[in-house]
1. What does the helix-only formula give at 222 nm for the chain: each DSSP H stretch with n ≥ 4 adding -39500 (n - 2.57), the total divided by the residues, and the result rounded to the nearest 500 deg cm²/dmol?
2. Can you give the convex hull volume per residue for the Cα atoms of region 359-497, as a whole number of Å³?
3. Take the Cα atoms of region 240-359, find their three principal axes, and give me the spread along each one in whole Å, biggest first.
4. Please give the per residue accessible area of the chain, computed with a probe of 1.4 Å over protein heavy atoms only, in Å².
5. As an exercise, take the mean of 1/r over every pair of distinct alpha carbons in region 207-276, invert it, and state the Kirkwood radius in angstroms.
6. Using the Karplus equation 6.51 cos²θ - 1.76 cosθ + 1.60 (θ = phi - 60°), what ³J(HN,Hα) coupling, rounded to whole Hz, does each residue of region 444-457 give in order, writing x for Gly and Pro?
7. Using only the Cα atoms of region 177-316, construct the convex hull and provide its projected area averaged over every direction, in square nanometres to one decimal.
8. Give the separation of the Cα centroids, region 234-296 to region 369-409, in Å.
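The values are calculated or read from the model by the stated rules, or taken from the named source; none is laboratory data. From a predicted model like this one, the values you see are computed outputs, not experimental measurements. Cβ placement follows ideal geometry from the backbone for every residue including glycine, while neighbour counts extend to all protein chains displayed. When the accessible area is computed, the model is the full protein with side chains, heavy atoms only, and any ligands, DNA or RNA have been set aside. Shrake-Rupley method; radii C 1.70, N 1.55, O 1.52, S 1.80 Å.
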Amino acid sequence: MKIRLPESAYNFTSLTGATIAIISFFMIAFLFIIAQFHTEGGAYLGLVIYIILPVFLIFGLILIPIGMYLKKKKIAADKAEGKFPKIDLNNVRHRNAFFIFAAGTVVLLFISAFGSYEAFHYTESVEFCGTVCHTVMEPEFVAYQNSPHARVKCVECHVGEGADWYMRSKLSGLYQVYAAIMKTYPKPIPTPISNLRPARETCERCHWPEKFYANELRIEKHYLSDEENTPWDIYLKMKIGASHSAKGLEEGIHWHINPNIKVEYAATDDQRENIPWVRYTDLVSGEVIDYIDEYSDFEKSDLDTLIVRKMDCMDCHNRPSHSYQPPAFFVNNALSAGTMPADLPEIKYLAMEICAEEFSTMDTAMIFIENEIQSYYEENYPEEDKEKIDLAVTGLQNEFKKNIFPEMKVRWDVYPNHIGHVEFNGCFRCHNESLVSDAGYSISNDCNMCHTIIAQGNPDNLEVTSITESLEFKHPSDIDEAWKEMVCVDCHTGLNP
Ligand code: HEC
Ligand code: HEC
Ligand code: HEC
Ligand code: HEC
Ligand code: HEC
Ligand code: HEC
């Protein structure tokens with residue numbers, strides 16, 4: 001049976017619209033089925049299925065009534081009738097058009113309900129956030145995959161619950177998609193992110209502060225930049241929690257998140273590196289202590305303009321899932337894991353020299369690493385094993401790819417990590433001698449307050465003490481007592497000091 005439609009439906013615009021809509025619809029259906037079986041390339045497929053094709057589908061559908069309206073107007077002008085269509089359900093053409101329209105609308109509403117649900121899920125997925133704008137998010141995505149949070153979705157830390165967060169994230173997301181397409185995004189992306197969800201709603205949903213962490217033994221292997229890549233082990237007992245679990249958050253590093261106390265601070269820079277004012281409040285006794293940097297020109301009245309932050313997880317763990325490690329650190333790890341040969345002379349030194357260079361693209365970096373290592377050993381150690389040198393090349397290239405992203409200008413030194421004090425000031429931003437209270441006390445930087453050293457030295461000749469004692473720190477290379485007079489960051493930048 002041939003379905004007849006109103007005369008006005010037979011026009012070029014409506015036909016084009018219908019064709020576009022039908023093709024888009026079948027493409028969506030087809031790709032949707034494909035996507036169920038394919039996990040590879042899901043992000044791009046999702047972009048096409050839930051965003052690009054629906055735009056075409058809707059565009060096609062809109063063309064149909066526009067075409068009909070224009071045609072009707074033309075017919076009306078010819079016949080001198082009213083411009084708007086008269087619907088007469090006794091007319092078989094009208095009836096057909098009406099039922100097609102009604103059924104179409106119901107189907108479309110159903111599909112768009114389903115589609116918007118899928119689109120919602122899709123835009124919340126790790127693939128969408130991490131891979132659609134490939135170069136932009138690559139550093140964050142790669143570091144995230146190598147982090148303890150690789151199974152936590154991006155949105156669980158970045159987008160809050162509830163409709164206002166949803167709108168906020170989608171609105172700023174729209175702008176970000178625009179910035180990515182127009183390539184107007186800043187490189188690197190600036191931090192701290194102003195609209196990051198507060199720690200209470202993110203970290204604390206999985207890491208309940210009242211679940212206390214005990215002390216933790218942390219064993220790191222270091223290598224010096226000498227000919228033998230001399231190894232140096234450090235065993236730190238980190239006092240994350242209290243000495244006895246019964247004391248809970250009363251002492252130790254996580255004391256800062258004890259609900260009975262409050263630590264606030266103000267920073268003079270965006271990265272929160274310079275802290276001239278810290279306030280400690282004991283919420284039980286009401287005692288308040290202000291610490292002010294003696295060497296800064298900070299005045300109490302500056303607090304009117306500076307942002308005062310209450311310390312939370314993110315003030316120490318600011319890189320929980322995007323930690324770009326400094327070369328000294330990732331090369332040490334590769335050497336101890338054996339992915340780079342620790343018995344290749346001077347490899348630590350050479351790797352540091354190479355990573356000190358700045359590159360414009362990942363490809364030039366990879367080529368540079370290969371050429372530099374090959375030619376260095378050809379010239380200086382021609383007798384060295386070829387396979388070992390190749391291992392050094394691929395080992396360093398792999399570590400480099402995980403931590404340094406030339407296209408986005410992202411590397412360890414653009415995002416200070418606040419958790420330690422060796423490469424960045426971290427804890428020493430507050431724990432230093434220049435922040436002083438009215439009573440003349442500073443926030444302690446005693447080497448045994450946050451950790452004790454259980455063992456240190458060359459693994460063949462390790463200096464060891466018992467778990468209840470602490471050794472005095474011995475600096476791995478001979479710098480005399482300089483580490484007592486200076487702070488570690490004066491020399492350590494993540495490269496060769
Ligand atoms: C465990 C929580 C967590 C997860 C999961 C997470 N992020 Fe982050 N992200 C953070 C924190 C914290 C920061 C740093 C905020 C600051 O310093 O202000 C950050 C920073 C960023 C930044 C700013 C640039 C930078 O490197 O600091 C981007 C972009 C970003 N994240 C994207 C992502 C993407 C994409 C994913 C998923 C693939 C993701 N994040 C997963 C917590 C998380
Ligand atoms: C959805 C749950 C979830 C959220 C939200 C979350 N984490 Fe985690 N976190 C985990 C899991 C799971 C691990 C891995 C535990 C393990 O392997 O022992 C982890 C591990 C960690 C570790 C230990 C890392 C290590 O190297 O041992 C730290 C520190 C941490 N998270 C801090 C944070 C901070 C800070 C935030 C907020 C920005 C956060 N987490 C948000 C689930 C979460
Ligand atoms: C914003 C400032 C600030 C930062 C940053 C900071 N602290 Fe503190 N910390 C304080 C203050 C204030 C006290 C209390 C000082 C006092 O009681 O005299 C304190 C006390 C401590 C204590 C002693 C707790 C006790 O009573 O047993 C430890 C341990 C500690 N901090 C570790 C750290 C570590 C580790 C870091 C870095 C990851 C760090 N802090 C970063 C401000 C800070
Ligand atoms: C004063 C700084 C500071 C604050 C604030 C802080 N932490 Fe930590 N946290 C540390 C340090 C330092 C460690 C030990 C890390 C290490 O050894 O590298 C640690 C360890 C951890 C670990 C790993 C424990 C383990 O056994 O491996 C988790 C999880 C963690 N913190 C979560 C949190 C959460 C959640 C918050 C907020 C409620 C928080 N931290 C607040 C400094 C802090
Ligand atoms: C306010 C707390 C605090 C004080 C005071 C402190 N440290 Fe640390 N230190 C840390 C934290 C936290 C880390 C670990 C960071 C991490 O997880 O990478 C660390 C790391 C180290 C490391 C590196 C360990 C390794 O193998 O990577 C050494 C060495 C060290 N500290 C020595 C010292 C010395 C020496 C002093 C005294 C001048 C000192 N620390 C004072 C908190 C502190
Ligand atoms: C006067 C400059 C100076 C100061 C201050 C200093 N260091 Fe070093 N540090 C060096 C030099 C030089 C080396 C040798 C580097 C090499 O051989 O690769 C080194 C090596 C190290 C290493 C092993 C190398 C590696 O890459 O893992 C550690 C760990 C270390 N220092 C910790 C510290 C700590 C912790 C502090 C602060 C308490 C500190 N240093 C202060 C100059 C300094």
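1. Values: 14 runs with 200 residues, N = 497.
Helix contribution divided over all residues of the chain: -13000 deg cm²/dmol.
2. Numbers: hull volume 24.4 nm³, N = 139.
Dividing the Cα hull volume of region 359-497 by its residues yields 176 Å³.
3. If we take the Cα atoms of region 240-359, the spans are 60, 42, 25 Å.
4. Working: 29410 Å² over 497 residues.
I get 59 Å² per residue for this part.
5. Details: mean 1/r = 0.0659 Å⁻¹.
Here the Kirkwood hydrodynamic radius works out to 15.2 Å.
6. Calculated HN-Hα couplings, in order: 4, 10, 4, 4, 9, 6, 9, 7, 10, 9, 8, 8, 7, x Hz.
7. Working: hull surface 58.8 nm².
Mean orientational projected area (region 177-316, Cα hull): 14.7 nm².
8. A separation of 43 Å, based on Cα centres.
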